[in-house]
């Protein structure tokens, strides 16, 4: 008898018919004799509606009260899901995050899980129930209701799987798993059978929107093996786990394309200590997330350099304002912004033990006439900035070069 | 500095504008320097919607899960009400029933309050907050969420007022208070300044739908003085409290008319011990609420009697089925049902010390040609069953006779 944690997101529980489908899927799993803990999100649209109500009253509502408000979303789903299991004659009990023993810190709307005491979960499992836990929520040691922020239900599932020492944690979503590339861009992209935490993290950070980095990091930290799979069919998904020696035989796990990037170049930045720090401090204080940063070598005797960096496209206007305010102090000549770029990345732990990966990537790009604007590398990732118009062609070429 | 508990029902918090109105009213009270605890219901329509969702899944959903589901209704309102107070710069904190320390028995969907440990309420009050408590809900000693059933939010307010030793408990509703008669029937009906618990109980049981008997009984048991008043204006309401000597100077507090009654007469019931018991046991087991029961004296030598009783009109069909199944065993001849009746009652603690009250009532009815079909009396109430078509005329006549 295995213990399985299954998580279903807002779309999978978006109406009562879909909740019945989830129940049928849980029932099938339980028919094999396994114990099942189900984690569910709020029905899609519910959280947005609650936020809208609060903002009708006040533009910036208090965060403790927002947690009190939003926690009702998941609480509604767990009760309905339990009823849907009862309708199939399966004993089931719902638990709020608090009741499931999920204790968090007191940072409302983005609380961190401090510990889990799953006494109640065990009690109801041992009595033969499917236990349905509200995702995204917990309570502080003092009994205040908290929520975990974006991706919080995935985190609940993975943290519960860890605390319960579950045999398997399944994250059900609307895609079949993690792919070697976005199948809409690369028709011969393949679903991966497995991927390492680090690869998954790089892909999550690269705009492959399967899961929030935070949940993957938590899984990595506590060694929780999980599977990302579809709630719409019975296909096996992608197993996310600790890197194995075997994984290194594959050079590249996947190729990703992020078309939501923009580039800013600061021309003739004085090549003096502290200037770059001043610039990026101002950018950071405006909560603008900078990704790649490239600085050219100093221009001969001019004592000046060019600095380029990428950022999320929606932050471009805000960044220009910040830079305008910094220009006099930092002493650079000009701000050149470009929106027509994209970022292409290859990810794979196999890079560590294979040489010539970068060369092979650049070559495959050159063959289809794609010019490389910026380059950035990490141990298991190579990213390049290229022309937005060439993005789709480029991702196909790189995918063919490495993944066929 | 007084401590005031204010309760607002579903209509008073039916949308965000109304919630803002509630906040403004609470703010006014607090501006006088008083501490305020607010109890709110679910926004009108919300509970019905949740019930509809559950019934889409299963006709008879599990009661524990219904409590889990319905408790979200009040939780939504408390958060929004706290935010509405914040918008007026008033510190406010919301608490679920569980957080407010409302401990109940484990009878889901109609739990009874076992005790209240208002530690958290005191803590947040002492820190200068308005405390907003979810009505209608609590939790068992084992941490299961429960709801209190119909009228539960009134009960929460009165029980909290008792536990907190509040100086005043105000039940805000859509009427100005308790009237001497239904103003839609009797244009010169007057709002009462005060009424005793017992009188209020008799009126509640008689279809004057201001409050459920249960909350009044609780208030009586624990001596909680409360005021029923309108959330739409600033008029003083009706104070409900223990009977005082002064109250007896008024003979009749109010007149009520219940047009939702039907009458069944069982003809020629064998006049033997146990027959009536058998009949009313069957009726009771079908959860049919019987009000007045009248048995005529035995018909001479026939050894048979007639039994008449009143019941809620919607139960009539069910009652006929039960009686049909009992007829052979109980041995009565015939079931005669009448829907065209109504019940007129006068209520007042002053009846105890005033004589001739019944005679004066019957006389006032006779004067307008109303025939009396059944009579039933208690210490502080006289009820008569009359022709439905004469109901309105009769209630006016009796009101004029006693209350002008």
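Any read-out appearing in this document is the output of simple, stated calculations on the displayed coordinates, not a laboratory observation. Remember, it's a predicted structure, so these values are computed and weren't measured experimentally. Neighbour counts are summed over all protein chains in view; Cβ atoms, including those assigned to glycine, are modelled from backbone coordinates with ideal geometry.
Structure values in brief
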read-out: Label-zone membership for the stretch B:160-202, site residue B:235, 7 angstrom Cα→C-beta point, backbone N under 17 Å; value: B:171-195
read-out: Rounded Å value of the spacing that divides the Cα centres of the stretch B:177-194 and the stretch B:79-158; value: 33 Å
read-out: Nearest-0.05 FRET efficiency for residue B:289 and residue B:328, computed from C-beta distance (R0 35 Å); value: 0.90
read-out: Across the identical copies, how the residue A:187 labels are spaced - nm, sorted shortest first, 7 Å along Cα→Cβ; value: 8.2
read-out: Linear extension gain, residue B:249 paired with residue B:193, 0.36 nm per residue minus alpha-carbon span; value: 18.7 nm
read-out: Overall form of the protein assembly as shown per C-alpha gyration tensor (a/c, 1.5; a/b vs b/c); value: prolate
read-out: For A:353, B:308, B:94, order by how many other beta-carbon atoms lie within 10 Å, fewest first; value: A:353, B:308, B:94
read-out: Where a label projected 7 Å from the Cα of residue A:52 along Cα→Cβ would reach, residues of the stretch B:8-45 with amide N under 16 Å; value: B:15-17
read-out: Angle in degrees between helix A:152-163 and the longest Cα principal axis of chain A, rounded to the nearest 10; value: 60 degrees
read-out: Cα-projected label distance for residue A:2 with residue A:259, points at 7 Å along beta-carbon direction, nm; value: 3.8 nm
read-out: Across the identical copies, how the residue B:277 labels are spaced - nm, sorted shortest first, 7 Å along Cα→Cβ; value: 9.6
read-out: Chain A - mean residue ellipticity at 222 nm from DSSP helices (-39,500 (n - 2.57) per run, n ≥ 4, rounded to 500); value: -11000 deg cm²/dmol
read-out: Helix axis angle, B:63-86 relative to chain B longest principal axis, alpha carbon, degrees; value: 50 degrees
read-out: Other-copy label distances relative to residue B:213, 7 angstrom Cα-Cβ extension, nm; value: 6.5
read-out: Sorted by Cβ neighbour density within 10 Å, fewest at the top, the residues A:252, A:288; value: A:288, A:252
read-out: Whether the stretch A:3-173 is rounded, prolate or oblate, judged on the alpha carbon gyration tensor where a/c under 1.5 counts as rounded; value: oblate
read-out: Ranked list, fewest to most other Cβ atoms within 10 Å of each Cβ, for B:399, A:108; value: A:108, B:399
read-out: Difference of contour (0.36 nm per residue) and Cα-Cα distance, residue B:317 to residue B:222; value: 30.3 nm
read-out: Cα long-axis angle, helix B:275-285 against chain B (0 to 90 degrees, to the nearest 10); value: 30 degrees
read-out: Residue and distance (whole Å) for the chain A Cβ nearest the axis that superposes A on B; value: A:72, 2
read-out: Amide N proximity, the stretch A:110-143 versus residue B:127 label position 7 Å along Cα-to-Cβ, cut-off under 14 Å; value: A:140-143
read-out: GNM top mover of B:274, B:331, B:391 - chain B, alpha-carbon springs below 10 Å; value: B:274
read-out: Calculated FRET efficiency for the pair residue B:31/residue B:376, C-beta based, R₀ 45 Å, to 0.05; value: 0.35
read-out: Gain on full stretching of the segment that runs from residue A:400 to residue A:358 - 0.36 nm per residue minus C-alpha separation; value: 13.6 nm
